[in-house]
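Here the structure comes first, spelled out in structure tokens, and everything after it is commentary.
The values are calculated or read from the model by the stated rules, or taken from the named source; none is laboratory data. What you see is a predicted model; the values in this text were computed from it and never measured. Counting neighbours? That spans all protein chains shown, and the Cβs are built from the backbone with ideal geometry, glycine included.
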Amino acid sequence: MKLASRMSILPPSGTIGMLETARRMEKEGKTVIHLEVGEPDFDTPSHIKVAAVKALEEGMVKYTESKGIPELRSAIASRVKEKSGCEVDVEEVIVTPGAKHAIFCAALALLEPGDEVIIPSPAWPTYKDIVQFAGGVTREVPLSRDYSLDEEAVKEAVSGKTRLVILNSPNNPTGGVISKDEMRTVVDLAVDHGFYIMSDEIYDDLTYDGFKQTSILSFDEARDISVLIHGFSKSYAMTGWRVGYAVAPRELVNAMSKIQQNTTTCAASFAQKAALAALIEPQDCVEKMRREYDRRRRALVKALNEIDGIYCPTPKGAFYVFPDISAYVKDSVAFADKLLKEKGVCVTPGKAFGLGGEGHMRISYSASMENILEGAKRIHEFLLSMKRR
Ligand SMILES: Cc1ncc(COP(=O)(O)O)c(C=O)c1O
């Protein structure tokens, strides 16, 4: 079949191959410890489900306004104000079927073919794929060794063609959190050079050791040049509900809305009601999950750093660790494949996360403590069975 040439730009997900092998093994009766997972292992809190059921029973089964139901957009505006101090009008908020769709709409609405987009990497692969699909050219810049932002590298990557920089803090896959000063540097650069900032803050409720996420909207100068990406998948364990959102200048929200009107129409009606309940009802469920992630994070980092030759910076946020295993591993894809087949542990090869990812693996601690500790033990044994390079 002759597909459109643009399809050659879009690679399959970097993790899908691993999952397929894992599923095959499971069908054959083998057990796999899944540490590749990019979603919370918790159930959606019950009061959120109750709100969805109530909405269904009340007949909320039709299309909604394309930008989302007004009460949810208003609750999002309040939440953003609470976190960043930034006064947001509901017309600057769009609800989307997942944060991923918000990123897709924003990239299509902002990028001309050939526009350059700076992405500090390793990074979530979707940014690169969507930017390239939208005709943009990605400029990956390395993070520092401890996964903080390398401000000099970002500065050096700016050119006359820079249109956008994509920040993701807390970060998938590194767990790094961008400091206020580092963010300020990017805001100053964007203002001086006239480019936009996309700030994906979807993991902002999941930070540890007293680190706090600084929202891009806490900088007054960033308001007119930023699109904040967020959603309900991570904080409220709602990946399958598909509700995300963006906060951006009205003109950009209107452009994104035109794309949404002609593609998905809107996020699912009753899921929007569930998201509303998530925002306005008590937040102890979020703190409970965060504490449990924290407990697992400490145990996993400790176990990994006990392996001779491994360097595992302590993540400040999200639910991933990204240890440097280059003392043992040159090809992270072959390593992950062998680890799965020989030890029954599924992780994501670092190479999937672009520049600086090779020689690493992403381990998700969105798994039971038992599986995390058993997985770490098997990884330890497996690495020790390999020759150090
Ligand atoms: C950094 C980041 N942003 C966005 C998303 C996608 O979120 P959603 O489920 O709302 O599309 C993910 C999911 O893995 C992610 O890691």
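Considering each of Thr239, Thr207, Thr185, Thr264 in turn, give the residue that is among the hydroxyl-bearing types (Ser, Thr, Tyr) and out of contact with any Pro (no Cβ under 8 Å at 6 or more places or on another chain).
Working: Thr239 fails: out of contact with any Pro (no Cβ under 8 Å at 6 or more places or on another chain); Thr207 fails: out of contact with any Pro (no Cβ under 8 Å at 6 or more places or on another chain); Thr264 fails: out of contact with any Pro (no Cβ under 8 Å at 6 or more places or on another chain).
Just a single option satisfies the conditions, and that option is Thr185.
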Which one of Lys180, Lys128 is in contact with a Ser or Thr (Cβ under 9 Å, 6 or more places away or on another chain), surrounded by fewer than 19 Cβ atoms within 10 Å (Cβ to Cβ) and in the same structural domain as Gly98 (by TED's automatic domain parsing)?
Lys180
Among the strands (runs of 3 or more DSSP E) confined wholly to the stretch 165-263, which include 3 or more residues that are away from the ligand (no atom under 16 Å from the Cβ)?
none
When Gly17 is evaluated against the numbered criteria (1) surrounded by 15 or more Cβ atoms within 10 Å (Cβ to Cβ); (2) at pLDDT 95 or above; (3) in a helix (DSSP H, G or I), which criterion, by number, is the only one it fails?
(2)
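When the residues of the stretch 109-121 are narrowed to those that are touching a strand residue (DSSP E or B) at 6+ places or on another chain (Cβ under 7 Å) and part of a loop (DSSP other than H, G, I, E, B), which ends up nearest to the ligand (Cβ to nearest atom)?
First, pick out the residues of the stretch 109-121 that are touching a strand residue (DSSP E or B) at 6+ places or on another chain (Cβ under 7 Å): 110-111, 114-121.
Within this subset, residues satisfying the condition of being part of a loop (DSSP other than H, G, I, E, B) are 111, 114-115.
Numbers: Leu111: 18, Gly114: 25, Asp115: 21 Å.
In this case the residue turns out to be Leu111.
Residue check: is Gly29 over 30 Å from Arg139 (Cα atoms), outside any helix (DSSP H, G or I) and not assigned by TED's automatic domain parsing to the domain that holds Leu228?
Values: over 30 Å from Arg139 (Cα atoms): yes; outside any helix (DSSP H, G or I): yes; not assigned by TED's automatic domain parsing to the domain that holds Leu228: yes.
Spelling it out, Gly29 is indeed over 30 Å from Arg139 (Cα atoms), outside any helix (DSSP H, G or I) and not assigned by TED's automatic domain parsing to the domain that holds Leu228.
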Only residues in the stretch 1-13 that are loosely packed, with under 10 Cβ neighbours inside 10 Å count as the first member; pair them with residues that are part of a loop (DSSP other than H, G, I, E, B) and among the hydroxyl-bearing types (Ser, Thr, Tyr), Cβ under 7 angstrom, at least 6 apart or cross-chain, and list the lot.
none
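Would you check which residues across the stretch 293-311 are in a helix (DSSP H, G or I) and either in contact (Cβ under 8 Å) with a residue 60 or more places away in the chain or under 23 Å from the mean Cα position of the chain (by Cα) (or both) and list them? Even if it seems obvious, please write down each step before you answer.
The initial filter retains those residues of the stretch 293-311 that are in a helix (DSSP H, G or I), namely 293-305.
Matches in the stretch 293-311: Tyr293, Asp294, Arg295, Arg296, Arg297, Arg298, Ala299, Leu300, Val301, Ala303, Leu304.
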Quick check on my filter: what residues within the stretch 288-333 are of a type in the set (Gly, Ala, Ser) and over 16 Å from Glu36 (Cβ atoms)?
Ala299, Ala303, Gly309, Gly317, Ser326, Ala327
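Quick check on Arg250: is it surrounded by fewer than 17 Cβ atoms within 10 Å (Cβ to Cβ), among the charged types (D, E, K, R) and closer than 14 Å to Lys67 by Cα? Show your work before the answer.
On the way: surrounded by fewer than 17 Cβ atoms within 10 Å (Cβ to Cβ): yes; among the charged types (D, E, K, R): yes; closer than 14 Å to Lys67 by Cα: yes.
Judged against the criteria, Arg250 is a match.
Results for (1) more than 16 Å from the ligand (Cβ to nearest atom); (2) not small (Gly, Ala, Ser), shown as yes or no for each residue.
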site: Lys54; (1), (2): yes, yes
site: Glu58; (1), (2): yes, yes
site: Leu72; (1), (2): no, yes
site: Ile76; (1), (2): no, yes
site: Lys83; (1), (2): yes, yes
site: Asp89; (1), (2): yes, yes
site: Glu92; (1), (2): yes, yes
site: Gly98; (1), (2): no, no
site: Ala107; (1), (2): no, no
Check the stretch 39-48 and report whether any residue there is in contact with a Pro (Cβ under 9 Å, 6 or more places away or on another chain), surrounded by 12 or more Cβ atoms within 10 Å (Cβ to Cβ) and touching a residue at least 12 places away in the same chain (Cβ under 8 Å).
yes
How many of the residues making up the stretch 342-362 are within 15 Å of Leu300 (Cα to Cα) and in contact with a Gly (Cβ under 7 Å, 6 or more places away or on another chain)?
3
Which number in (1) aliphatic (A, V, I, L, M); (2) surrounded by 14 or more Cβ atoms within 10 Å (Cβ to Cβ); (3) not assigned by TED's automatic domain parsing to the domain that holds Val165 marks the one condition that Ile103 misses?
(3)
If you scan the stretch 127-161, which residues turn out to be at negative phi, of a type in the set (Ser, Thr, Tyr) and in contact (Cβ under 8 Å) with a residue 24 or more places away in the chain?
Tyr127, Ser148, Ser159
